[in-house]
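Quick note: the coordinates plus some simple rules give every number you see, no bench work behind them. What you see is a predicted model, and the numbers here were worked out from it, not measured in a lab. Glycine gets a Cβ as well: all are built from the backbone with ideal geometry, and neighbour counts include every protein chain shown.
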Amino acid sequence: MALDKNIAVLLGGVGGAKLASGLIEALPPERLTFIVNTGDDFWHLGLKICPDLDTLMYTLAGLVNPDRGWGVIDDTTAALDSLARHYQVEPWFRLGDKDLATHLLRTHWLRQGRSLTEVTTCLAGRLSLRAAILPMCDAEVPTMVDTLERGELGFQEYFVKYAWAPVIRAIRHQNCESARLPQPVREALEDADIVLIAPSNPWLSLAPILAIPGLRDLLQRAAAPVVAVTPIIAGEAVKGPTAKIMRELGLEVCAREVASFYGDILDGFVDDRRNEPFAIQGLRTIQLNTLMKDQRDKVALARATLDWIGSWAL
Ligand code: FO1
């Protein structure tokens with residue numbers, strides 16, 4: 001894979017951060033731009049929480065809690081414990097003391113009037129990250145999840161408070177119609193030699209990004225090949241509610257349904273070698289090992305994906 005190519009990656013959540021961790025070793029970081037889901041973001045105890053931006057930042061900085069894939073390694077909960085002990089406030093959303101530093105500084109800068117793009121670039125810069133980390137937009141476009149048992153829930157209520165147990169009826173990207181694609185995102189996608197869609201949850205983590213007006217048709221027009229990596233292996237998700245949501249939406253839990261969800265923006269699809277092969281007219285596919293159990297797997301998947309794309313697209 002030529003190391004002088006520019007790669008743009010659409011991602012969210014822990015699965016996306018894993019592939020990002022492999023890419024950052026396979027390429028010069030300056031060649032990588034990560035465009036991150038912010039539909040999971042919410043205001044909590046007065047702080048602006050951006051889980052997918054933080055998961056990616058912490059992962060690339062070697063700070064992430066490796067067991068969870070989110071939050072800071074070896075973090076403590078003195079602040080949360082004090083909220084509970086002295087004020088009977090039991091926050092269902094676990095914010096560690098080291099993690100709080102990020103939320104305090106981000107909230108402080110946002111309140112000064114800086115955009116989320118500027119704030120994210122500053123935070124990543126101070127962590128000495130050389131890859132570009134960009135929020136999909138600067139507006140607040142919270143993912144709302146309509147559930148059978150509890151009606152409409154905010155994303156973190158659904159995902160954390162109710163542990164994604166409620167049955168999903170529909171997913172909405174509030175305010176997305178008035179969100180604007182930030183210029184750095186537009187430029188990254190226009191300058192990209194390859195656009196990757198990471199193995200994140202298509203319905204929860206990628207759909208919000210694809211809902212930003214103009215993004216889908218930018219991908220369709222892009223000269224760069226757009227290639228997705230399957231988040232489904234042998235009928236199951238590696239982590240999180242992807243398979244459960246597919247069943248609840250009446251879909252078959254298979255890679256083909258994921259490829260169909262992305263539709264005609266895709267030029268290629270990296271499937272897992274454990275899956276039943278499928279063919280869709282005009283879509284190139286390959287079957288690799290997409291189960292990233294350790295750093296070696298992550299780098300190997302990143303390299304194999306880029307080499308495959310290089311064999312037909314560059
Ligand atoms: N996930 C949980 O399951 N429980 C939590 O208490 C929790 C806290 C949390 C704090 C900061 C942060 O950046 C992420 C956190 N997450 C937690 C994960 C988060 O809900 C998910 O990573 C994304 O929103 C979905 O990918």
For this session: Calculate for the chain the 222 nm mean residue ellipticity that helices alone would give, adding -39,500 (n - 2.57) per DSSP H run of length 4 or more and normalising by residue count, nearest 500 deg cm²/dmol.
Result: -11000 deg cm²/dmol
For this session: With springs connecting C-alpha atoms under 10 Å apart, model the chain as a Gaussian network and identify which of Leu210, Leu127, Leu63 has the largest mean-square fluctuation.
Result: Leu127
For this session: Please work out, to two decimal places, the log10 of the ratio I(q)/I(0) at q = 0.13 Å⁻¹ from a Debye calculation in which every Cα of the chain carries one identical scatterer.
Result: -0.93
Exercise. Which order do Arg216, Arg169, Arg106 fall in if you start with the one that has the fewest other Cβ atoms within 10 Å?
Worked result: Arg169, Arg216, Arg106
Problem set entry | Cleavage-rule hits, chymotrypsin sites (Phe, Trp or Tyr not before Pro), the range 83-134, DSSP coil, Cβ neighbours within 10 Å at most 14 | Trp92
Problem set entry | For the range 17-71 and the range 241-281, distance of Cα centres in Å | 24 Å
Exercise. Which angle from 0 to 90°, rounded to the nearest 10, does the C-alpha axis of helix 97-111 make with the longest principal axis of the chain?
Worked result: 90 degrees
For this session: Working from Cα positions, state the angle (0 to 90°, nearest 10) between the long axis of helix 13-26 and the longest principal axis of the chain.
Result: 60 degrees
Exercise. How high is the relative contact order of the range 132-185, given as a whole-number percent (alpha carbon pairs under 8 Å, six or more residues apart)?
Worked result: 47 percent
Exercise. Relative to the longest principal Cα axis of the chain, at what angle does helix 51-60 sit, 0 to 90 degrees, rounded to 10?
Worked result: 70 degrees
Exercise. To two decimal places, what compactness ratio does the range 2-62 give when its Cα radius of gyration is scaled by 2.2 N^0.38 Å?
Worked result: 1.23
For this session: For Lys244, list the aspartates and glutamates whose Cα falls under 12 Å from its own Cα; do not include residues on the same chain fewer than 8 positions away.
Result: Glu236, Glu252
